[in-house]
Amino acid sequence: MSGAGVIADFALRTMRDGAPQEVLSAARLHFLDAIGVGIAASTVADNATWSQAATPGNAILLGGGMAEAGAAAMINGALIHALEYDDTHIGSVVHGSAVAAPLALAVSQLCAATGRDLIRAYIITWEVAIRIGLAGPGAFQDKGFQVTSVGGAIGAAAAAAQILGLDRQQTISAIGIAGGQASGTLAFLADGAMSKALNPGWAARTGIEAARLALAGMSGPETVLESRFGVMSNFGHGASHLDSHLANLGDDWFLTEAAFKLYPCCHYIHPFLEAVEQLMAKGVTAKDILDLTAFVPPPAAPLVCEPWARRQRPASGYDAKWGLAYCMALMFLHGRVDVSSFETAPQREVMSLADKMTWQPMQDHGFPERFAAHIDVRTARGTVSAGVLQVRGAPDRPVDMSDVVTKFTRNATRRLDPDAASRLMEIILDIDAMADTADLDRLLV
């Protein structure tokens, strides 16, 4: 059976039968986190005008207003990803919610779907995208593509097809169409352009449009994943691992392994921020630093270390989110790295401290299964070291639900009053019991 056929069967079965309770519980919490992040992003000046690009319609924009469903999915996905605060499945390096949440929200509003259908579509998108990433670990990035946007488009098409009521063959065609439109390069690294945020939003929109086209009678290639000119060959290093990672769809579930992010910057930087916090707990201050060496997993270095001069002195607040040196300096100087840290132009004091930092390749790093970090700081009293074997929020270092709730509340109340934010949280954490999404829609509007 083709990969698209396996995915179609999984999507149809999941929309009909649902997912295990632990998967559903995780989905609610991750969906809550994503909506909060998107709302917070809509309040940042650099992002606030993006909705002007959306075609008018009846789907909700997280920053306020309405748009056509595909356009709403695109803009909302960009907002959820814009802060680099959205969750990640570490092994596949997939930012699943930035595709799954806007897709499920928009297509549910398009079809007046139930809350149960919304959350099941969200789960389908996540699970499929993870499998695409796991089938080509590091391969997409090696070729300059973001696996979130490529694998996300496949998952989004499979999920959208279910809410739109497509049959098996139509779902396969939707997947084939989406595979032909999947994209999302890492070209933004050259100058810190903000368009990287659009990658998952575009994947969500691709899923909706692919499902609509399949419903209208357009066929898509059934072997879009594994053929010579298919997704895995063009974006990855071939389809040799695809079958094994699709074989357990619906038996093993990976959404429960997704990691929540506790800082709004590139996930590869997070363990280094934890290491900085360890050093600060030992009494090391910014004034003590003569020089600092960060030991970085080589696969992560192109995003957070290259070119190093830009990672010390970023071009903008958005560019700073990939600046390993800049973010470590922020933590040393301010004791925090949060949304407000990147709302202004890079700070001279922070860049001066970052200038004292350098990096070297880490050995035995375990990436991408582990996001590890090690730091050596030379002071007048000698060298002090700190390290993290796995980033906090990963499955083997989970965060408490209270951490996620606190993060959501902090994000949502940048736009909503506390009572509205609290009510929104109640609805999302009980979303599968909702006969429709009307209450959710009203609060988001």
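Remarks
- The base-10 log of I(q)/I(0) for the chain, evaluated at q = 0.08, 0.10 Å⁻¹, reads -0.42, -0.65 [Debye formula, identical scatterers on Cα atoms, solvent excluded].
- Residue pairs, from the table K143/K407; K143/K261; K196/K261; K261/K356; K261/K287, whose Cα atoms sit over 24 Å apart: K143/K407; K143/K261; K261/K356; K261/K287
- Helix-only mean residue ellipticity at 222 nm for the chain, each DSSP H run of n ≥ 4 adding -39500 (n - 2.57), per residue, nearest 500: -15000 deg cm²/dmol
- Check: the chain dipole with +1 on Lys, Arg Cβ and -1 on Asp, Glu Cβ, in debye: 860
- When you count the other C-beta atoms within 10 angstrom of each residue and take the mean per peptide, 159-166, 422-429, 372-379, 244-251 line up highest first as 159-166, 372-379, 422-429, 244-251.
- Choice from L110, L61, L134 showing the highest fluctuation, given a GNM over the chain with Cα pairs closer than 10 Å: L110
- Whole-angstrom gap from the stretch 268-282 to the stretch 290-314, using each part's C-alpha centre: 15
- Relative contact order (%) - criterion: Cα under 8 Å, at least six apart; region: the stretch 300-445: 12
- Taking the inverse of the mean reciprocal distance over all distinct Cα pairs, the Kirkwood hydrodynamic radius of the stretch 395-445 comes to 12.0 Å.
- Between A112 and T185, the contour length at 0.36 nm per residue exceeds the Cα-Cα span by 22.9 nm.
- Here the Karplus curve 6.51 cos²θ - 1.76 cosθ + 1.60, taken at θ = phi - 60°, turns the phi angles of the stretch 26-35 into couplings of 5, 4, 4, 5, 5, 5, 4, 4, 5, 5 Hz, with x standing for Gly and Pro.
- Against the chain, whose longest principal axis is taken from its Cα atoms, helix 3-17 shows a tilt of about 80°.
- Amide H contacts for W359 (H built 1.01 Å from N in the peptide plane; partners 5 or more residues away or on another chain; cut-off under 5 Å): A294.
- HN-Hα J in Hz across the stretch 147-156 - Karplus 6.51, -1.76, 1.60, θ = phi - 60°, x for Gly and Pro: 4, 4, 6, 7, x, x, 5, 5, x, 5
- The spread of Cα positions in the stretch 333-413, taken along each principal axis and listed from longest to shortest, comes to 42, 35, 24 Å.
- Footprinting exposure proxy for H241, H270 (fewest neighbouring C-beta atoms within 10 Å first): H241, H270
- Descending semi-axes in whole angstrom, ellipsoid equivalent of the stretch 267-388, from the Cα gyration tensor: 19, 18, 13
- Close amide H contacts of A259 (hydrogens built in the peptide plane, cut-off under 5 Å, sequence separation of 5 or more or a different chain): T88, H89, I90.
- Farthest towards the positive end of the charge dipole of the chain, among the residues A112, P346, A239, is the Cα of P346, using unit charges on the Cβ of Lys, Arg, Asp and Glu.
- Packing-based ranking, highest mean first, of 348-356, 7-15, 88-96, 63-71 given that Cβ atoms within 10 Å are counted: 88-96, 7-15, 63-71, 348-356
- Helix 97-111 vs. the chain, principal-axis angle (Cα, 0 to 90°, nearest 10): 30
- Legend: calculated FRET efficiency, R13 to D419, from the Cβ-Cβ distance at R0 = 51 Å, rounded to 0.05, equals 0.80.
- Calculated log₁₀ intensity ratio I(q)/I(0) where the Debye formula runs over C-alpha points of the stretch 109-226, q = 0.19 Å⁻¹: -0.94
- Cα centroid separation - the stretch 337-353 against the stretch 387-415, whole Å: 22
- Take every pair of alpha-carbon atoms less than 8 Å apart whose residues are at least six positions apart; their mean separation over the length of the chain yields a relative contact order of 20 percent.
- Neighbour counting of Cβ atoms within 10 Å sorts the residues C327, C265, fewest neighbours leading, into C265, C327.
- Whole-Hz ³J(HN,Hα) from phi, Karplus 6.51 cos²θ - 1.76 cosθ + 1.60, for the stretch 231-240, glycine and proline x: 4, 5, 6, 7, 9, x, 10, x, 9, 4
- Angle in degrees between helix 418-428 and the longest Cα principal axis of the chain, rounded to the nearest 10: 50
- For the stretch 188-324, the equivalent ellipsoid derived from the alpha-carbon gyration tensor has semi-axes of 39, 19, 16 Å in decreasing order.
- For the residues Q141, Q169, Q21, a GNM of the chain with alpha-carbon springs under 10 Å puts the largest fluctuation on Q21.
A short reminder: the numbers here are calculations on the coordinates, not readings from a lab. Since this is a predicted model, take the numbers as computed values, not measurements. Note that each Cβ is placed from the backbone with ideal geometry, even for glycine, and that neighbours are counted across all protein chains shown.
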